[in-house]
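> One structure follows; several queries about it will come next.
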Amino acid sequence: MRKAVVVFSGGQDSTTCLIQAMAHYDEVHCITFDYGQRHKLEIEVAESVCKALGVTAHKVMDVGLLNELAISSLTRDNIPVSHELQENGLPNSFVPGRNILFLTLAGIYAYQIGAEAVITGVCETDFSGYPDCRDEFVKSLNQSLVLGMDRALKIETPLMWLNKAETWALADQYGKLNFVREKTLTCYNGIIGDGCGDCPSCDLRKAGLDDYQANQTDIMAELKSKQQAGTA
């Protein structure tokens, strides 16, 4: 039996990854991290999406220590999410160490349940300026986990080389575009579905959807091309 663990936030990207994983693996486990994020609603949405998709193995893990260490607009209510980059060139929504911690814990969980893969929705093509969403980082951490646990494990990143329009196309390929659009939470201001329309995450999500709806045939063809080439 092939098992996988999906790092799951209930957002567009992780939900699309979950939908794909359910088609490719016999058993899929989701792990959601409670790190004192800006909106607790994220955890509720993750639970409701899992229930709607029929995922019964869903673990919510308390990692509140991250909130104490990492100062970001996503961990502090008094820091507004900004469209401007900080002096270090990163958005103020960057949570330092978040994916290092999440993927490491997901890898430990995969070890315990005998899963062969950890799946995450990070993306370099359309990423929000986060260094821990880069392919180089994921490959490096994957190697460290394999060495540190002396066990084969693959961190899969199905969206790594997809832009946001192609991510919408992937959801549509599985007949779940409307589900992803209506049921997921990507908005930094905590509004389910199409979101607030004013934060960087909503801007990226809407631009991708608009592009896909306007150029559906071409974008679906590009997605299939990437899938055949093994980059999606």
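> Counting just the residues of region 75-113 that are aromatic (Phe, Trp, Tyr) and modelled with pLDDT of 95 or more, which one comes out surrounded by the most Cβ atoms within 10 Å (Cβ to Cβ)?
Just the residues of region 75-113 that are aromatic (Phe, Trp, Tyr), to begin with: 94, 102, 109, 111.
Those left that are additionally modelled with pLDDT of 95 or more: 102, 109, 111.
Working: Phe102: 24, Tyr109: 17, Tyr111: 17.
If we take residues in region 75-113 being aromatic (Phe, Trp, Tyr) and modelled with pLDDT of 95 or more, then Phe102 is surrounded by the most Cβ atoms within 10 Å (Cβ to Cβ).
> Filtering region 24-36 down to residues that are within 27 Å of Tyr174 (Cβ to Cβ) and not charged (D, E, K, R), which residue is most open to solvent (accessible area, probe 1.4 Å)? So that I can check it myself, show each step before the final result.
Looking only at region 24-36, we keep the residues that are within 27 Å of Tyr174 (Cβ to Cβ), and these are 24-33.
Subsequent filtering for residues that are not charged (D, E, K, R) retains 24-25, 28-33.
Values: His24: 99, Tyr25: 19, Val28: 21, His29: 20, Cys30: 0, Ile31: 0, Thr32: 1, Phe33: 8 Å².
Looking at the filtered set, the residue picked out is His24.
> Continuing with the same structure: How about region 178-218: which of its residues are open to solvent by less than 20 Å² (accessible area, probe 1.4 Å) and farther than 24 Å from Gln37 by Cβ?
If the condition is that a residue be open to solvent by less than 20 Å² (accessible area, probe 1.4 Å) and farther than 24 Å from Gln37 by Cβ, then Tyr212 is the only one that fits.
> Any residue at all in region 190-204 that's over 23 Å from Asn99 (Cα atoms) and in a helix (DSSP H, G or I)?
No; the residues of region 190-204 include none that is over 23 Å from Asn99 (Cα atoms) and in a helix (DSSP H, G or I).
> Give region 114-168 a look and list any residue that's in a helix (DSSP H, G or I), open to solvent by 40 Å² or more (accessible area, probe 1.4 Å) and among the basic types (Lys, Arg), or say none.
Scanning region 114-168 gives a single hit, Lys139.
The values are calculated or read from the model by the stated rules, or taken from the named source; none is laboratory data. Here the structure is a predicted model, which means the values were calculated and not measured. Because the Cβ atoms are built from the backbone with ideal geometry, glycine has one as well, and the counts that use them run over all protein chains shown. Calculation scope for accessible area: heavy atoms of the full protein, side chains included, ligands and nucleic acids excluded. Shrake-Rupley method; radii C 1.70, N 1.55, O 1.52, S 1.80 Å.
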